[in-house]
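Visitor: Before anything else, here's the structure in question.
The values are calculated or read from the model by the stated rules, or taken from the named source; none is laboratory data. Predicted model, so just to flag it, every value in this text is computed and none were measured. Every residue, glycine among them, receives a Cβ derived from its backbone with ideal geometry; neighbour counts consider all protein chains shown.
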Amino acid sequence: MPAASLMSMLTFVLKYEGIDLAVLHKLFEKIGPEEITALVSSEPTGQYSREIWLLYEWLMDSRIEIPDLTVGNYVDLADPNLQYTGEAISSKRHRIRNNLPGVREFCPMIRKTPLLAELVRNSNQNFLSQKPASDTHNLFCCRDRMRNQTMSPLPDKARAWL
């Protein structure tokens, strides 16, 4: 059980439970930027304080008056062992790779479970075992579907759709 401070509880949650953006957003609305600034200032190069800092600025769309970091290793924001992640974008200010799978307005955080892992694994095996169709075949199928829907495809649109 973590010690009873905000920083220790947030660290515990980020480390073992993953990121819950809705809960963090409500928390950040209640505590405000002053407390986040104090948390980050007490441990500016710590992994979890940097994650809290980035999450606050990202969720609240507000910049905290803390100077950009110039030292420290880059770390992933979301733990890919706990949650499904997206393509990482490096934040030089926080020295964190933001690998959240969406944008501030829509970012579904999906916890990895044994059932989901098995479904993904089976889905990938089924996908890889399928015989790939040629681009020409796909182009004709696309054209035929558009004809059936009484649409007139533009050649470039049909090819780009593939």
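Visitor: When you check Gly86 against the structure, is it assigned to a loop (DSSP other than H, G, I, E, B), surrounded by 13 or more Cβ atoms within 10 Å (Cβ to Cβ), touching a Ser or Thr at 6+ places or on another chain (Cβ under 6 Å) and at pLDDT 85 or above, yes or no?
Guide: No, not satisfied.
Visitor: Another question, if that's okay. I'm trying to understand the selection: among the residues of the range 89-100, which are in contact (Cβ under 8 Å) with a residue 24 or more places away in the chain and in a loop (DSSP other than H, G, I, E, B)?
Guide: From the range 89-100, those in contact (Cβ under 8 Å) with a residue 24 or more places away in the chain are 91-96, 98, 100; that's our starting set.
Scanning the range 89-100 gives Lys92, Arg93, His94, Arg95, Leu100.
Visitor: Need a quick list: helices (runs of 4 or more DSSP H) entirely within the range 2-76 having at least 2 residues that are farther than 20 Å from Ile89 by Cβ and of a type in the set (Gly, Ala, Ser).
Guide: Answer list for the range 2-76: 21-42.
Visitor: Could you grab me the full set of residues in the range 37-67 that are over 21 Å from the mean Cα position of the chain (by Cα) and surrounded by 19 or more Cβ atoms within 10 Å (Cβ to Cβ)?
Guide: Correct list: Leu39, Val40.
Visitor: In the list Glu51, Glu43, Glu29, Glu57, which residue meets the criterion of being modelled with pLDDT of 95 or more, of a type in the set (D, E, K, R) and in contact with a helix residue (DSSP H, G or I) (Cβ under 7 Å, 6 or more places away or on another chain)? Even if it seems obvious, please write down each step before you answer.
Guide: On the way: Glu43 fails: modelled with pLDDT of 95 or more; Glu29 fails: in contact with a helix residue (DSSP H, G or I) (Cβ under 7 Å, 6 or more places away or on another chain); Glu57 fails: in contact with a helix residue (DSSP H, G or I) (Cβ under 7 Å, 6 or more places away or on another chain).
The conditions single out Glu51.
Visitor: Would you confirm, using the coordinates I've provided, whether Thr136 is of a type in the set (Ser, Thr, Tyr), modelled with pLDDT under 95 and assigned to a helix (DSSP H, G or I)?
Guide: Values: of a type in the set (Ser, Thr, Tyr): yes; modelled with pLDDT under 95: yes; assigned to a helix (DSSP H, G or I): yes.
Taking the combined requirement at face value, the residue satisfies it.
Visitor: Only one of these is more than 24 Å from Arg111 (Cβ to Cβ) and touching a residue at least 40 places away in the same chain (Cβ under 8 Å): Asp68, Asp61. Name it.
Guide: Asp61
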